[in-house]
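One structure below.
The values are calculated or read from the model by the stated rules, or taken from the named source; none is laboratory data. None of these values were measured; they are calculated from a predicted model. We place every Cβ from the backbone using ideal geometry, glycine too, and count neighbours over all the protein chains shown.
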């Protein structure tokens, strides 16, 4: 179907009217032109509505809200994301003169006020003690709340009189996952639609894994420990090795204890092992020439973002190899970088092979002028 905008509809009607009638005056303000303009406006609106309806009908063009509806039909829930969790250390320089309770729900913010966390359990700074810790969770969903060890916090809301310092405990806040984007959900749905699973084939195991919220990819290794055994490697929606919690959920869904009993989705006799994708850490070093007055740290952050996007694109793709030429292109595409030299990936100048079931993750990045 050919969709027409306002101008196309108006001009087409004027041309047809001129050919089939005695109307000749189409100058601005005339009744002839005003009538055609009014009709063209309605037609263009109708075409636009039809086009939108057609786009929402297909997975390849639908927006997030409609993709969520398709996902529900396929029993593939949309992943709303997860808050990061960790521990906070409350301390003072001298022993506490009396005990003070810090209740669950106490709110803290980073010094810049951008990230907020909330304690999830009560704790007490006991008399004579100088330190206590409490479990906490970011108040916003996503990776933004994944605070580093030692991040300083400030109390927000209620007062805790005895506490002088609030910092994030080791290993920091972890487990945060951003809400699934339209493109991420689209790719999950397309994999399921294009690779219909049946009778416990490889596609079936991939479909089962992808139907769990938080799973961003799956690789199946059949007969890995002999007849009747299946291993499924998982990455999350951030294209990182799946967490222990996510692995447990998928394991219980596909093949819970006792394994091979058919109590889950897998057929009787199939012993399924769910594991996190082995990580292939990618370290990058390079010498760069910058535009005058550009900040190296800022440029490095932009480059890291570009590399992370690239690694996400190739994760569990047909070609997961990390190509040094592509990384070089990302360097040149990074705002502020004029040229580069001495580019090394994992201390070498060649491509990095990522084996079946593995996923490349970004390690340290060092750019020098």
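Where in the stretch 276-369 are there strands (runs of 3 or more DSSP E), lying fully within it, with 1 or more residues that are within 29 Å of residue 188 (Cβ to Cβ), modelled with pLDDT of 95 or more and within 19 Å of the chain's Cα centre (by Cα)?
279-290, 359-368
Suppose we filter 75, 79 for residues that are buried (at least 18 other Cβ atoms within 10 Å of the Cβ) and under 30 Å from residue 207 (Cα atoms); which single one remains? Step through it out loud before you land on a result.
On the way: 75 fails: buried (at least 18 other Cβ atoms within 10 Å of the Cβ).
Checking each option against the conditions leaves just 79.
Please specify each residue of the stretch 156-186 satisfying the condition of being buried (at least 17 other Cβ atoms within 10 Å of the Cβ) and closer than 30 Å to residue 222 by Cα.
Matches in the stretch 156-186: 175, 177, 180, 184, 185, 186.
Quick check on the stretch 45-52. Is at least one of its residues modelled with pLDDT under 85 and either touching a helix residue (DSSP H, G or I) at 6+ places or on another chain (Cβ under 6 Å) or loosely packed, with under 12 Cβ neighbours inside 10 Å (or both)?
Checked the stretch 45-52: at least one residue is modelled with pLDDT under 85 and either touching a helix residue (DSSP H, G or I) at 6+ places or on another chain (Cβ under 6 Å) or loosely packed, with under 12 Cβ neighbours inside 10 Å (or both).
Okay, residues lined up against (1) in contact (Cβ under 8 Å) with a residue 40 or more places away in the chain; (2) surrounded by fewer than 15 Cβ atoms within 10 Å (Cβ to Cβ); (3) assigned by the TED database to the domain that holds residue 297:
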position: 321; (1), (2), (3): no, yes, yes
position: 339; (1), (2), (3): yes, yes, yes
position: 343; (1), (2), (3): yes, no, yes
position: 350; (1), (2), (3): no, yes, yes
position: 355; (1), (2), (3): yes, yes, yes
position: 363; (1), (2), (3): yes, yes, yes
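Given the conditions (1) in contact with a strand residue (DSSP E or B) (Cβ under 8 Å, 6 or more places away or on another chain); (2) in a loop (DSSP other than H, G, I, E, B); (3) within 19 Å of residue 180 (Cβ to Cβ), report the number of the one that residue 266 does not fulfil.
Here residue 266 meets the rest and fails (3).
Would you say residue 203 is crowded, with 19+ Cβ neighbours inside 10 Å and outside any loop (DSSP other than H, G, I, E, B)?
When the stated conditions are applied, residue 203 does not pass them.
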